[in-house]
Amino acid sequence: MSFAVAKRMQAAVCLILLLCAHAAWADDFKVLDAYTRFAGTPFVNSAADYVAWLRQQPAFRDGKLDGLPERAVILHNTNVRGMLNKLGYADAEIEELSTGYTDPNLLFVVRPKAGAPFIVDRGLPGAGGVATQAAELAALGVKRAIHIGTAGLLGGRLPYASPIIATGSYKDGAAFLLASSPQDAAEQIAFADPVLSDRLDRQMTAAGIAHERALGFTSPIYYFQKIGLLKALLSFPFDHGKAPGFVEMEQASFFATARLAGMTAASVVVGSDRAVRTGDTVRQEFFDGDLDRLLLLALRQAIAALDGPP
């Protein structure tokens, strides 16, 4: 055997061994385990860095991002200005700020003639959207924020047409990635701020609005949800005292991000659909009422709850 042939065979063997090693490493690397394994390590970046860069851009060099309100609502609705108008806020009291360069983030800064100023951030769906928005709001100076959205109700535990104040939500993968310690990573539920949630509860009670308080389950996807998971949530064979009443897409990551950013956070949702056990499967039924009316009601009460001392 010539020396050249021997070298080629040696190279081929080395390549095979290398590929096998990489394949074994890929098999050994468990993504979901890695989500919590590195919980105690430092974070790479922060929203403060992005906001500092944003302030240097031509559109914001005039100080538009300075002195913003410390109260905010993240509202999942396409017609934010229209809703604010329905609540009596004139266009002259509303300023739109587009702060996203790679995402369509849009802030509605409201400085009313009466009452404290506030921000309504047009909600982006899922963990990535809400975590980005919550972190950037905190970096802009927001101290308190309330998330408003829709949810899929689980069975008959909760009624339609009643706002639901979340006590917390079972975590999705993003909320586990946001864990700041091994102890945090071991917790299955991300909790809302109890003081702000209680304030929202009292506000709705004083206004005579029938509402609920419940625990949620955060799923970052809407389509292609697993029937097996929904069946487990509907029967909840674990701790019935901790059974979730609804599924939604943002709460756990919103609460986790707010905690990291030093911002108090609460959330209120309204049921847009319901998962119903039918034989051995699960079907989805839809609410045929006026969702915009319920979201508007929640927005009014959220603004009122934020308009007060810390």
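Miscellaneous remarks
- In segment 229-263, the residues that are in a helix (DSSP H, G or I) and within 23 Å of Asp292 (Cα to Cα): Gln251, Phe254
- Criterion violated by Gln251 - all others in (1) closer than 23 Å to Asp121 by Cα; (2) more than 20 Å from the chain's Cα centre (by Cα) satisfied: (2)
- Residue in segment 74-81 that is under 21 Å from Val142 (Cβ atoms), loosely packed, with under 13 Cβ neighbours inside 10 Å and polar (S, T, N, Q) present: no
- Restricting attention to segment 107-133, the residues that are touching a residue at least 12 places away in the same chain (Cβ under 8 Å) and assigned to a loop (DSSP other than H, G, I, E, B) add up to 9.
- When Ala92 is tested against (1) under 22 Å from Ala256 (Cβ atoms); (2) not in a loop (DSSP other than H, G, I, E, B), just one condition goes unmet, and that condition is (1).
- For Thr167: the one exception among (1) crowded, with 24+ Cβ neighbours inside 10 Å; (2) free of Cβ contacts under 8 Å to residues at least 60 places away in the same chain; (3) farther than 20 Å from Val80 by Cα: (1)
The rows are residues; the columns are (1) surrounded by fewer than 24 Cβ atoms within 10 Å (Cβ to Cβ); (2) assigned to a helix (DSSP H, G or I); (3) basic (Lys, Arg); (4) at pLDDT below 95.
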| site | (1), (2), (3), (4) |
| --- | --- |
| Ala265 | no, no, no, no |
| Val270 | no, no, no, no |
| Ala275 | yes, no, no, no |
| Ala304 | yes, yes, no, no |
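- The condition (being of a type in the set (A, V, I, L, M, F, W, C) and modelled with pLDDT of 90 or more) is satisfied by just one residue among Leu32, Leu15, Leu87: Leu87.
- Checking the stated criteria, Leu260 turns out to be touching a residue at least 60 places away in the same chain (Cβ under 8 Å) and of a type outside the set (Lys, Arg).
- Any hit, segment 208-227, residues being surrounded by 22 or more Cβ atoms within 10 Å (Cβ to Cβ), under 28 Å from Lys30 (Cβ atoms) and of a type in the set (Val, Ile, Thr): yes
- Breaking point among (1) farther than 24 Å from Arg274 by Cα; (2) in contact (Cβ under 8 Å) with a residue 24 or more places away in the chain, for Pro104: (2)
- When restricted to residues that are among the aliphatic types (A, V, I, L, M), closer than 30 Å to Arg277 by Cβ and outside any loop (DSSP other than H, G, I, E, B), segment 134-163 contains 4.
The values are calculated or read from the model by the stated rules, or taken from the named source; none is laboratory data. Since we're looking at a predicted model, the values are computed, not measured. A quick note on method: Cβ atoms are made from the backbone with ideal geometry, for glycine too, and the neighbour counts reach across all protein chains shown.
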